[in-house]
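Peer 1: Here it is, the structure in full.
The values are calculated or read from the model by the stated rules, or taken from the named source; none is laboratory data. Treat the numbers as computed from the prediction; the structure is a model and nothing was measured. No Cβ is skipped: glycine too gets one built from the backbone with ideal geometry, and neighbour counts run over all protein chains shown.
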Amino acid sequence: MRQHQIIRFGLNLSYDQYFRVYQGITKNISIIADDGRRVAFPAGKVQIFLTREGINGYFEMELTAENKFVSIRRL
C-alpha cells in the first residue's frame, strides 16, 4: 500500500482575490509547494481559512497516493 503525500506551501490571497471564487471567475488555486511541485486544487478547499484579510499562512495538504484530497490544515 502506497503512503499518503504531504504537501506544504505558503498561501497569501487577499479577500478580493478569493472573492473571485464567488463570482465564478476562479475555481482553482495554483501554488508552488516547498518541494518545487506546482499543485492546483479547488479553491473551496481553503474557504474555511478565509478572513476579512483573505487567506494567509503556511499550510499542509494531505493527498492519497492517487492524488485524492484528504485534508488541509494551517501550520
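Peer 1: Pairs needed: first member in region 1-23, farther than 15 Å from Phe49 by Cβ; second member anywhere, surrounded by 12 or more Cβ atoms within 10 Å (Cβ to Cβ) and of a type in the set (A, V, I, L, M, F, W, C); C-beta distance under 6 Å; at least 6 residues apart or different chains.
Peer 2: Pairs that qualify, where the first residue is farther than 15 Å from Phe49 by Cβ and the partner is surrounded by 12 or more Cβ atoms within 10 Å (Cβ to Cβ) and of a type in the set (A, V, I, L, M, F, W, C), are Gln5/Leu63; Ile7/Ala33; Ile7/Val39; Ile7/Met61.
Peer 1: Condition (residue is assigned to a helix (DSSP H, G or I) and either polar (S, T, N, Q) or touching a strand residue (DSSP E or B) at 6+ places or on another chain (Cβ under 8 Å) (or both)) applied to region 18-34: is it met by at least one residue? Even if it seems obvious, please write down each step before you answer.
Peer 2: In the first step, residues of region 18-34 are kept if they are assigned to a helix (DSSP H, G or I); the result is 18-22.
Filter once more, keeping what is either polar (S, T, N, Q) or touching a strand residue (DSSP E or B) at 6+ places or on another chain (Cβ under 8 Å) (or both): 18.
Checked against the condition, which is being assigned to a helix (DSSP H, G or I) and either polar (S, T, N, Q) or touching a strand residue (DSSP E or B) at 6+ places or on another chain (Cβ under 8 Å) (or both), region 18-34 yields at least one hit.
Peer 1: Within region 49-59, can one find any residue that is within 25 Å of Arg2 (Cβ to Cβ), surrounded by 11 or more Cβ atoms within 10 Å (Cβ to Cβ) and over 12 Å from the mean Cα position of the chain (by Cα)?
Peer 2: Looking through region 49-59, none of the residues is within 25 Å of Arg2 (Cβ to Cβ), surrounded by 11 or more Cβ atoms within 10 Å (Cβ to Cβ) and over 12 Å from the mean Cα position of the chain (by Cα).
Peer 1: Could you list, ordered by first residue, the pairs with Cβ atoms under 8 Å in which the first is in region 53-70 and on the phi > 0 side of the Ramachandran plot and the second is of a type in the set (Asp, Glu) and exposed (fewer than 11 other Cβ atoms within 10 Å of the Cβ), at least 6 apart or interchain?
Peer 2: Gly54/Asp16
Peer 1: Take the conditions modelled with pLDDT under 95, more than 10 Å from the chain's Cα centre (by Cα) and not hydroxyl-bearing (Ser, Thr, Tyr) and apply them to Gln23. Does it pass? Even if it seems obvious, please write down each step before you answer.
Peer 2: Numbers: modelled with pLDDT under 95: yes; more than 10 Å from the chain's Cα centre (by Cα): yes; not hydroxyl-bearing (Ser, Thr, Tyr): yes.
Yes: the conditions hold for Gln23.
Peer 1: Could you give me the residue pairs with C-beta distances under 6 Å whose first residue belongs to region 30-46 and is crowded, with 16+ Cβ neighbours inside 10 Å, whose second residue is part of a helix (DSSP H, G or I) wherever it lies, and which are 6+ apart or on separate chains?
Peer 2: Final answer for the pair search is Ala43/Val21.
Peer 1: Continuing with this model, one more query. Identify, from the list Arg20, Arg52, the residue that is in contact with a Ser or Thr (Cβ under 6 Å, 6 or more places away or on another chain) and of a type in the set (Lys, Arg).
Peer 2: Only one candidate qualifies: Arg20.
Peer 1: A follow-up question, please. State which residue is farthest from the chain's Cα centre (by Cα) when the search covers only region 35-48 and only residues that are farther than 14 Å from Ser71 by Cα and outside any loop (DSSP other than H, G, I, E, B).
Peer 2: Arg38
Peer 1: So which residues in region 60-70 are surrounded by 11 or more Cβ atoms within 10 Å (Cβ to Cβ) and either under 12 Å from Leu11 (Cβ atoms) or of a type outside the set (Phe, Trp, Tyr) (or both), if there are any at all?
Peer 2: If the condition is that a residue be surrounded by 11 or more Cβ atoms within 10 Å (Cβ to Cβ) and either under 12 Å from Leu11 (Cβ atoms) or of a type outside the set (Phe, Trp, Tyr) (or both), then Glu60, Met61, Glu62, Leu63, Thr64, Val70 are the ones that fit.
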